[in-house]
Amino acid sequence: MVFTDFSQLDFYGNFDYALNFNGSGTQQVGDALFTNVAANGSGAPAGVSITGFNRNTTWAGGSALGTGSDNDALEQILRSLTWSAGIATGALDLDIIIGNNYRLQLLFSEGCCNNRHYAVAAEGLLNEVVKGTALDSSSVWKNSASQGYAMTLDFLANDSMLNIDFSRLTGGDTNYHISGLTLERVPEPGVLFIFGFGLAILGFVNRKKSATTTASPTI
């Protein structure tokens, strides 16, 4: 998806990981406090490994989003990235807990090439292709300071590691890259329903109790 403001994404909740690749300083967007990670893995928190990436860069991609501190922080995240100048597959591996529900959010920007062409896969569920067309100004993916790009995936952890893989395709600029990511632990839909139903029952009981105690006695 294309985004132009932090509010179009999910930055509120319980985040196990929030990573800013090649960032400088600590950035916070909503509840997500981003940790800076270099191409060689330096700075990565426990449970995170990175392979195949071998370059860090800053550029103007995604540097002019909306207003406010959250957008300012997100702009800094999008201005930095890690990428590969080699031909190997890139991989990000994150430790997770079997049985938990997660929301993965991958953050990208483009400050160079409209004809980017690479693939991103995660858990066999997310399979997305970055494809820009150099001669087509209407292409979704393009060099832009006013927009960023996101891929998202909601999944149930069936094993103890989240595998995110980057691979080159043919034609165009095949250098894969990423600016940041978040991994949020989310409650099951059934838990949310039960919690909401419980609140509704509690509100009904409180209203009944209030009506009983405030009613005027009959004389």
Per-residue [θ]222 nm for the chain (sum of -39500 (n - 2.57) over DSSP H runs n ≥ 4, rounded to 500): -5500 deg cm²/dmol
Percent accessible area from carbon and sulfur atoms, region 2-185, protein chains only, probe 1.4 Å: 48
Net lengthening on full extension, residue 24/residue 7 (0.36 nm per residue, minus Cα-Cα): 3.8 nm
Region 68-148 - Kirkwood radius from inverse mean 1/r over Cα pairs (Å): 15.1
Most fluctuating residue given options 62, 52, 124, as computed from a GNM of the chain linking Cα atoms under 10 Å: 124
Inverse mean reciprocal Cα-Cα distance (Kirkwood Rh) of the chain, Å: 19.0
Dipole in debye (nearest 20) - the chain, about Cα centre, beta carbon charges: Lys, Arg +1; Asp, Glu -1: 400
Average accessible surface area per residue within the chain, 1.4 Å rolling probe, Å²: 50
Around residue 186: net Lys/Arg minus Asp/Glu count, Cβ-Cβ under 12 Å: -3
Candidates per GluC sites (Glu not before Pro) in region 93-146, loop by DSSP, up to 13 other Cβ within 10 Å: none
Residues of region 73-105 with amide N under 17 Å of the 7 Å Cα→Cβ point at residue 46: 94-98
Paired Rg and Dmax values of region 1-124, which use every Cα atom, in angstrom: 14.5, 40
Lys/Arg +1, Asp/Glu -1 at C-beta; the chain dipole; positive extreme among 183, 81, 69: 69
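The values are calculated or read from the model by the stated rules, or taken from the named source; none is laboratory data. Keep in mind it's a predicted model, so treat the numbers as computed, not measured. Note that each Cβ is placed from the backbone with ideal geometry, even for glycine, and that neighbours are counted across all protein chains shown. Accessible surface areas use protein heavy atoms only, side chains included; no ligands, DNA or RNA. Shrake-Rupley method; radii C 1.70, N 1.55, O 1.52, S 1.80 Å.
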